[in-house]
Amino acid sequence: MALLIPDDLRNINKQLQEADVAVQKVTGLDIKSICKALYGTPPLSEKVGIVPVTSGNGIIGSFSASLQAITQYFGFEGFVTDMPDVSGYYEAVRNGAEIILMADDHTFLAHNLKNGKIANNQPCTGIIYAEIASRYLKADSKDVLVVGLGKVGFPGAAHLVQKGYRVYGYDADEVLLKRAISNLGVIPLDLENPKQFSIIFEATPCANTIPETVLSENCMLSTPGIPCAISEELRKKHNVQLITEPLGIGTVSMLYSVL
Ligand code: NAI
Ligand code: PYL
Ligand code: MG
C-alpha cells in the first residue's frame, strides 16, 4: 500500500473544508449528505476510539490527530488513545469507544463494537469517490472513465457498474484490467483512439496518469490517488473540476458504512 506521509496531512481541516466546497459545487450535495444518501443512517455523535499502531513502518506523524479532526468534522466524538497497539485498543474500549479506527501498513479498519460491522478503507474510499463522480451535475452522459483498477479503483468501478454507468477502464497492469473486463464488464479504454469523458475516477499512486486526449472541457476528476493524477497546468487548461483529499472522505465513508 502507498503510505501517507505527514506532509500529505498538513492542514487537514482546511483540505477537508475545501474538498467539501468542491463536492458541493460539482454535485449539489456536501460530503455528509452524499454519505447519508449512500449508506442511510446519519451519525448520532458515536464515540470513536482512534488507536495509533506502531507495527511495520510505525506511526505516521499526525495520522491519529488527523483522524480525530476528521471524526469531529463529520459529527462523531473522536478521541486518540494515549497508548498504541493492544494497550491502546484496551484503553479505547475501557473509555467507551463504540467504533474503533486503526491502521497498520496494510489495513485501515473501522469496527463498530455495538453492531459488529467492520469496514476497510480501500473499498470504502473507492465507493465514495465513485459515488461523488456519478453525481456530477454537468455530466454529458453516463460514460465514466476509471483509471487504476486496484484495491480502491476496482470497488469504485463495481459501484459505478452497479449504478448503471457505462464504465471504461484502464490499468497499467494487464491482469487487473482483464479482471475488471471479465468480472464487471468494464470496457477497455482504447489508447489509440481515445474518447473524451466528462466523468473520470482515478485511483493510482502515480502522477500524470490521465492522458490529455481523454479530458473533455469542464470534466470532473474524482481521485483519492496520491500524488494527484493531473498537473495543475492541465487542470487549468481544461477547467477540470477536481475532487481530491488525502484521508477524510474515505474515512467518513468507512464510518457511515458501519453505522
Ligand atoms: P493499488 O496498488 O491496489 O492499485 C493501484 C493501481 O494503479 C494498480 O493496479 C496499478 O497497476 C495502477 N496504476 C499505476 N500506475 C498507473 C498508470 N500510470 N496508469 C494506469 N494504472 C496505473 O493501490 P490502491 O490501494 O488502490 O490505492 C490507490 C491510490 O489511492 C494510492 O495512491 C493510495 O495511497 C490512495 N488512497 C487514498 C486514500 C484517500 O483517502 N485519499 C485512501 C486509500 C488509498
Ligand atoms: C490510510 C491510508 C490512505 C493511503 N494510504 C494509507 C496509509 O497510509 N496506511 C498506513 C497507515 C498507518 C498508520 C500508522 C499509525 O499512525 O497508526 N500505523
Ligand atoms: Mg479521502
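Rule-based calculations on the coordinates, nothing more; no lab input. Computed from a predicted model, the values in this text were never measured in an experiment. Because the Cβ atoms are built from the backbone with ideal geometry, glycine has one as well, and the counts that use them run over all protein chains shown.
If you count the DSSP beta bridges with both ends in the stretch 103-171, what percent of them are antiparallel, to the nearest 5?
Working: 4 of 9 bridges.
Taking every DSSP beta bridge within the stretch 103-171, about 45 percent pair in antiparallel fashion.
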Taking the Cα centroid of the stretch 158-221 and of the stretch 59-135, what is the distance between the two, rounded to the nearest whole Å? 29
Using mean Cβ contacts within 10 Å as the protection proxy, how do 68-77, 207-216, 142-151 order, highest first? 142-151, 68-77, 207-216
Along the charge dipole of the stretch 175-244, which of LEU215, LEU177, VAL240 sits closest to the positive end, that is, farthest toward it, with unit charges on the beta carbon of Lys, Arg, Asp and Glu (+1, +1, -1, -1)? LEU177
What order do you get for 47-53, 159-165, 128-134 when each peptide is scored by the mean count of other beta carbon atoms within 10 Å, highest first? 128-134, 47-53, 159-165
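Any idea what the dipole of the chain comes to, in debye rounded to 20, about its Cα centre with Lys/Arg Cβ at +1 and Asp/Glu Cβ at -1? Display every interim value, and only then the final one.
Working: 21 positive and 27 negative charges, 155 e Å.
It works out to roughly 740 debye.
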Determine the shape class of the stretch 123-245: with a ≥ b ≥ c the square roots of the Cα gyration tensor eigenvalues, call it rounded for a/c under 1.5, and otherwise prolate if a/b is greater than b/c, oblate otherwise. rounded
Could you sort 182-191, 24-33 so that the peptide with the highest average Cβ count within 10 Å comes first and the rest follow in order? 24-33, 182-191
Most exposed to least, judged by fewest other Cβ atoms within 10 Å, MET1, MET102, MET83 sort to MET83, MET1, MET102
Of the DSSP H helices in the chain, the ones reaching 27 Å or more along their long axis in Cα terms and averaging at least 0.0 in Kyte-Doolittle hydropathy are none
Amide H to amide H under 5 Å from GLY225: which residues, 5+ apart in sequence or cross-chain, H placed 1.01 Å off N in plane? THR204
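Could you tally the net charge around SER216, taking each other residue with its Cβ under 13 Å from the Cβ of SER216, Lys/Arg +1 and Asp/Glu -1?
-1
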At a 10 Å Cβ-Cβ cut-off, how would you order LEU255, LEU38, LEU44, fewest neighbours first? LEU44, LEU38, LEU255
Of all DSSP beta bridges located in the chain, what percent are antiparallel, nearest 5? 25
Nearest-20 debye value, the stretch 49-157 charge dipole, Cβ charges on Lys, Arg, Asp, Glu: 360
If you take the charge dipole of the chain about its Cα centre, with +1 on Lys and Arg Cβ and -1 on Asp and Glu Cβ, which of VAL144, THR204, THR81 is farthest toward its positive end? VAL144
Dipole axis of the stretch 1-70 (+1 Lys, Arg; -1 Asp, Glu on Cβ), positive-most option in ILE59, ILE5, LEU16: LEU16
Below 17 Å, Cα to Cα, which lysines can LYS14 reach? Residues fewer than 8 away in the same chain don't count. LYS25, LYS32
Size of electric dipole in the stretch 119-209: Cβ of Lys, Arg +1 and of Asp, Glu -1, about Cα centre, debye, nearest 20: 320
